[in-house]
Structures are given as C-alpha cells and as structure tokens.
Amino acid sequence: MFDFTATYTDQYQLAMSQVYFKNGKGNTKAVFDYYFRKIPYGSGFAIFAGLEDLLEIITNLRFSKEDIQFLKQYDFEDDFLEYLENFKFSGNIYSVQEGDVVFPTRPVLQVEANLIEAQIIETILLNLLNFQTLIATKASRMRLVSRERTLLDFGLRRAQGPGGYYATRAAMIGGFNGTSNVIAGRDLDIPVSGTMAHSFVQSYDDELTAFREFARGRPKACVLLVDTYDTLKSGVPNAITVAKEMEEQGQKLMAIRLDSGDLAYLGKRARQLLDAAGLEYVKIAASNQLDEFVIKSLQEQDAPIDIYGVGTNLVIGKPDAALDGVYKLTFSDGKPRIKISESLIKTTLPHRKQVYRMKDKNGECAGVDVIVMENENDTELSKVFHPSEPYKFLDVSAYQKEALLQPVMENGIMKIKKRTLSEIAAYSKSRLAELPLEYKRFNNPHIYKVSISEKLKAERDRLISEHKM
C-alpha cells in the first residue's frame, strides 16, 4: 500500500554504512539474527507476522532522486551517495513461515548480506515484524478465548496513523474474521463489515425512523445500534419492530449491536426479547473497549454474543504496545561475532544458525526448540542446554527434528510463493493447534523451552572468554 523508499531507515544505519564504504568494508559478508526477548501479554507463545510484506518491500527498496538530494545536506559524501543511487538488496534471508508460533531468544529470521545492505534494511525489518507479530499475537489470544464466535477488527480510527492498515493484516493472521477497514479489505481480500454510528440515530428526530431508514438503505447487511437512548426500553424494541417490517418485505435483520453498559446482562435480556418475538436468527454484536480479558469474562458468563467488534485494544497492542524484537550481528568477515552482556540471557549467540522444533515419536510438538550451529547434523544432536542457566540440560536424541529456518529470499529475489492472507491464517491456526494446551493457557502458561546445542554453547563460551581476557 505505502510507497517505501530506502530512507525508511534510521540515520545511524546510513552513518555506519558510509564508514563501511569509505573503509572498504561495504562488501564484507555478514549475518544478522532477528529475535525477540519476551512474549507479550503474558502469553505462552507469539504468532509471527509481517514476513511477506517485508520481503515485498525489500525487493523494491531503492533510494529515489529526492532521497539522494535530501541526504546531501547531512554530511554524506558524494561517492557514497553515488553508491546509494544504485542500492538494491542482493542478500539472502532465512525465516520461519509467516503465521508460525515462535518463542523468545531463538532466531525467527536470519539475514545474510553485505554489511551495508544488512544495516539499511534493519529498521524496516524491525518496524514491520515487531508490530505485526505483536498484533497477531493479541488477536490469537482473543481467538482462543472467543472460541468460534465472530471477531471483527474495528480499530482503524484508534490506530497509530497508517499502522492501522498493518494491524488489520496481522489481526487476520491471528484469527479474526473481518474488518471495518475498507482499504485493507480491498487490498488484502478481507471481508469488510460495519454497522452504524450513534450519530446516524441522532441525526433523525426519533430512533425508530432512523432504524427504518437504515434498513431501507442496507437491507442485505443491516445491523442496528441499539444503545443511543435506552437499550432495553427503546433500542431493542424498535429493532424488533423494524425486523418484523423487514420480514414482510422478504428481508432479514442481520444483527443488533451493543456498545455500552453491562454487555453480559444486556446481551441476555436482548436475546430474550428477540427470541420472544420469533427473531432467533437475529445475531447480537458487542463492542466497547473489548480485549481478551473482557471477551473471556463474557464467554464465562454465557453471554449470548455472536460477534465481537474489537478496536483500540487490538490495534495498539495494549498493554504492551511494542514487541522487543532485536537485530544482532552474529557473523562477519568469516568470523563469529558476539555481543557480551552482564546478563547471560542478553549475550548474543554467534555464527550462522538453524532452529529445530523437537517432536516426539508420534510427531507431536514436544515443547522444545533448539538453536544449533548451521553445519550441525541433526542426527547427532543429543544434549542441549538452557541458554542462560548452563547447568540445565535435556536429552533430545529420541526426538524428531523439524528445521524451521528456510530460505525465503536468495540474492535479493523472493523464493517463496506468495500466499493469500487466508492461507497464512489457516497455516497459523494449524500450527497453533499443534502446540500442547499447557502453552496456550490464558493465565500462567507453561514456559516453552528454548535450548542451545552443546557445540553452540561451547562457541559462545569460548568467545566470551576470548573477549574478556
């Protein structure tokens, strides 16, 4: 949708790149890992989203003439700007599939490119993957607690600017059914749905006339907002009147919407009134600051709500607001690289790597992902270690191993077939179904194990000792 140029980056990426260029290091091959350190929302898993958008943007990422002219005022030298005029990402990217369940500290995606190319794409990579993964994870939590009820994204008006577009995409990957976001519906082939605002009812002298006019204008998808004045004394009775009039025309009222008050109580009373009038087919939609906690409560109260319209709390990722995804150098100029921290969990893992998902003899997820060095033979993989508590280890020799990082871009060209959003969502649903229930608990989920191989641990420990001498 948006016209990204290569200036969609941070200044320090270009500053570093100019120094690489001047010192002849621009073509030095490097490997960067993308991963995150903490699962948002207290969840037991995250849903990876944003990959296909990222690959498409990177494929076409260039510096325009306007970009080059702009950069001249910021102390970038002419020969470096000439280099940027011909910039094109030509590296390789390895990644898990979009929609997969992912966990902290293990590589989700790996970039292999020259230093300049790898640095320039860092910002757009983090911007897209962190945000969409955050929202897809939030949406997935709502899907789990709402079970088979319809979930609609109503968040565009409350989103942080154009982020609402990508929030809608991520919400669909996480399990939502539709959106009020018309432009996302157009571009991404998402079902578009909407009702009316209170202003529509207020614009008429009385509620009944407003409902009649709306039903006349939208007979095939008519949803009436019933809480402008008094939900049970006015809104629902007037909706019933209009529904009966529609039946006389061979039409059916689709739903009523509750947008304030005690949604469980009002939903039950509205259901009783509708059923007593022979309108069992009319659905009840609810909105008003919904999130996974409110939806879970409504479900536990057996609220007869068929459709949840979720806005602000979905598209801004409340309360976490950001995924702490990072992009770290692990290999360059033929050597493994490491960043050391006082906390071992924040010390990076060197080398090119692969990640295996452990599966038991029945092919079911064993609740363990293992990070290994790229050239390790999975058949020889046996003892694996906790990444920050080295005395904890696990024998995985009896497990089947599924390699998760696969080539998705080679020499700057996408290597995967573009999938529809519904295909990505279906894949995500299938992968989440493979995850044992204890990791999907709403409260206090079991912690999924992420381990490192014995060889990788030895390499990390060697580099720590070497740099601390």
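Descriptive notes on the structure:
- Picking from residues in the range 260-280 that are part of a loop (DSSP other than H, G, I, E, B) and open to solvent by 70 Å² or more (accessible area, probe 1.4 Å), the one that is nearest to THR241 (Cα to Cα) is GLU280.
- Where ARG106 falls short, out of the listed (1) at negative phi; (2) part of a loop (DSSP other than H, G, I, E, B); (3) out of contact with any strand residue (DSSP E or B) (no Cβ under 6 Å at 6 or more places or on another chain); (4) not hydrophobic (A, V, I, L, M, F, W, C): (3)
- Residue within the range 291-311 that is closer than 30 Å to THR28 by Cβ, in a loop (DSSP other than H, G, I, E, B), in contact (Cβ under 8 Å) with a residue 12 or more places away in the chain and in contact with a helix residue (DSSP H, G or I) (Cβ under 9 Å, 6 or more places away or on another chain) present: no
- Filter result for SER95 (more than 30 Å from PRO319 (Cα to Cα) and buried (at least 21 other Cβ atoms within 10 Å of the Cβ)): no
- The listed residue being of a type outside the set (Asp, Glu) and surrounded by fewer than 23 Cβ atoms within 10 Å (Cβ to Cβ), out of THR123, THR137, THR133: THR123
- Filtering ILE173, ILE183 for residues that are of a type in the set (A, V, I, L, M) and either within 14 Å of ILE256 (Cβ to Cβ) or open to solvent by less than 20 Å² (accessible area, probe 1.4 Å) (or both) leaves a single hit, ILE173.
- Only one entry of GLU438, GLU423 meets the criterion of being touching a His at 6+ places or on another chain (Cβ under 6 Å) and part of a helix (DSSP H, G or I), and that entry is GLU438.
- Residues being over 23 Å from the mean Cα position of the chain (by Cα) and open to solvent by less than 70 Å² (accessible area, probe 1.4 Å) - total across the range 411-440: 1
- Failed criterion for LYS252 (all others in (1) assigned to a loop (DSSP other than H, G, I, E, B); (2) within 29 Å of SER140 (Cα to Cα); (3) touching a Phe, Trp or Tyr at 6+ places or on another chain (Cβ under 7 Å) hold): (2)
- Within the range 356-384, the set of residues being among the polar types (S, T, N, Q) and surrounded by fewer than 12 Cβ atoms within 10 Å (Cβ to Cβ) comprises ASN362, ASN375, ASN377, THR379.
- With respect to being crowded, with 23+ Cβ neighbours inside 10 Å and modelled with pLDDT under 95, THR195 fits the description.
- Test: residue in the range 288-295 that is more than 19 Å from ASN177 (Cα to Cα), crowded, with 22+ Cβ neighbours inside 10 Å and either modelled with pLDDT of 95 or more or among the aliphatic types (A, V, I, L, M) (or both): no
- Unique residue being more than 20 Å from ILE57 (Cβ to Cβ) and either in contact with a helix residue (DSSP H, G or I) (Cβ under 8 Å, 6 or more places away or on another chain) or in a loop (DSSP other than H, G, I, E, B) (or both) when the list is SER140, SER90, SER199: SER140
- All positions within the range 284-309 that are over 23 Å from the mean Cα position of the chain (by Cα) and of a type in the set (D, E, K, R): GLU300, ASP302, ASP306
- The single condition from (1) within 17 Å of LYS38 (Cα to Cα); (2) surrounded by 13 or more Cβ atoms within 10 Å (Cβ to Cβ) that PRO319 fails is (2).
- The range 15-55, subset among the basic types (Lys, Arg) and part of a loop (DSSP other than H, G, I, E, B), residue most open to solvent (accessible area, probe 1.4 Å): LYS38
The values are calculated or read from the model by the stated rules, or taken from the named source; none is laboratory data. None of these values were measured; they are calculated from a predicted model. Here the Cβ is made from the backbone with ideal geometry for all residues, glycine too, and neighbour counts use every protein chain on show. What goes into the accessible areas is simple: the full protein's heavy atoms, side chains included, and nothing from ligands, DNA or RNA. Shrake-Rupley method; radii C 1.70, N 1.55, O 1.52, S 1.80 Å.
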